[in-house]
Amino acid sequence: MRKYKVKLLVVILLIGGFSLLGFASTVRLNAYAQQPTVAIPTVTSSPFGPMVTVNMDQEQINVRAGPGAGQEYPIVGVLEQGEKVPALGRSPGGDWIEIVYPTVNGGVAWVYAYLVTVSGGELPIVEPPPTSTPRVTPTIDPTLAAQLIVELGPTRMPTFTQPPPVQIPTYTQAPTISVAGGLPLAFIIIGLAVVGLFGLLISVFRGR
């Protein structure tokens, strides 16, 4: 009786083993039948598209609401050195780049093109957004301008006073010096010269 039970158990195990082998073969064949026979294309491009990277010589750069500096497009954030963000386009002049910036309204902002490096493809031209403050042409209030105008009265020209005439001094002839007796001094000098010459001649003749 015990032998029959053992044989029955062996038969059951064999039947179960063959059933499992058949089920496994069927599953494997179904798996092979479901495999595609065509090539599956692979994605080779960057999933993020063009990117901008803050240049390493910049500690941080400003992120603005539009392509321009000043009050027209205020600063809405900053990017740190080496930080990368997706790029969307360029301004018509090419000086500013539109980037993805989720922390602002609309999710886009602008950075100065010469402070970043673009990689991953060409950027399309994007029209700048309207300015936050309207561009108003300054006008001058005529009433206020009239108050600021200072009228200068005529200034007196300096008067010219005629200088006194130049008086040229005149020199009169010096009076003739004469000695007592009424003879002029010149005659006396001439006479002395003649006497001296006469004495000289006498000395010359005596020496011979």
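The values are calculated or read from the model by the stated rules, or taken from the named source; none is laboratory data. Being a predicted model, the structure only gives us computed values, none of them experimental. With ideal geometry, Cβ positions are generated from the backbone for all residues, glycine too; neighbour counts draw on all protein chains shown.
A quick yes/no check of all residues on (1) modelled with pLDDT of 80 or more; (2) in a helix (DSSP H, G or I); (3) not β-branched (Val, Ile, Thr):
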{"residue": "164", "(1), (2), (3)": "yes, no, yes"}
{"residue": "169", "(1), (2), (3)": "no, no, yes"}
{"residue": "173", "(1), (2), (3)": "no, no, yes"}
{"residue": "176", "(1), (2), (3)": "no, no, no"}
{"residue": "182", "(1), (2), (3)": "no, no, yes"}
{"residue": "188", "(1), (2), (3)": "no, yes, no"}
{"residue": "192", "(1), (2), (3)": "yes, yes, yes"}
{"residue": "195", "(1), (2), (3)": "yes, yes, no"}
{"residue": "204", "(1), (2), (3)": "no, yes, no"}
Checklist entry - Of the conditions (1) closer than 24 Å to residue 82 by Cα; (2) at pLDDT below 90, residue 160 fails just one. Which one is it? => result (1)
Next on the checklist: Which residue is farthest from the chain's Cα centre (by Cα), if the candidates are limited to region 84-104 and must be within 13 Å of residue 115 (Cα to Cα) and either small (Gly, Ala, Ser) or in a loop (DSSP other than H, G, I, E, B) (or both)?
Outcome noted: 94
Checklist entry - Considering only residues of region 90-108 that are crowded, with 17+ Cβ neighbours inside 10 Å and in contact (Cβ under 8 Å) with a residue 24 or more places away in the chain, which is farthest from residue 124 (Cα to Cα)? => result 101
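Suppose the filter is at pLDDT below 80, touching a Leu at 6+ places or on another chain (Cβ under 8 Å) and over 30 Å from residue 56 (Cβ atoms); does residue 132 pass it?
Spelling it out, it is not the case that residue 132 is at pLDDT below 80, touching a Leu at 6+ places or on another chain (Cβ under 8 Å) and over 30 Å from residue 56 (Cβ atoms).
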Item to check | Scope region 95-127; condition farther than 15 Å from residue 85 by Cβ and touching a Phe, Trp or Tyr at 6+ places or on another chain (Cβ under 8 Å); matching residues | outcome: 95
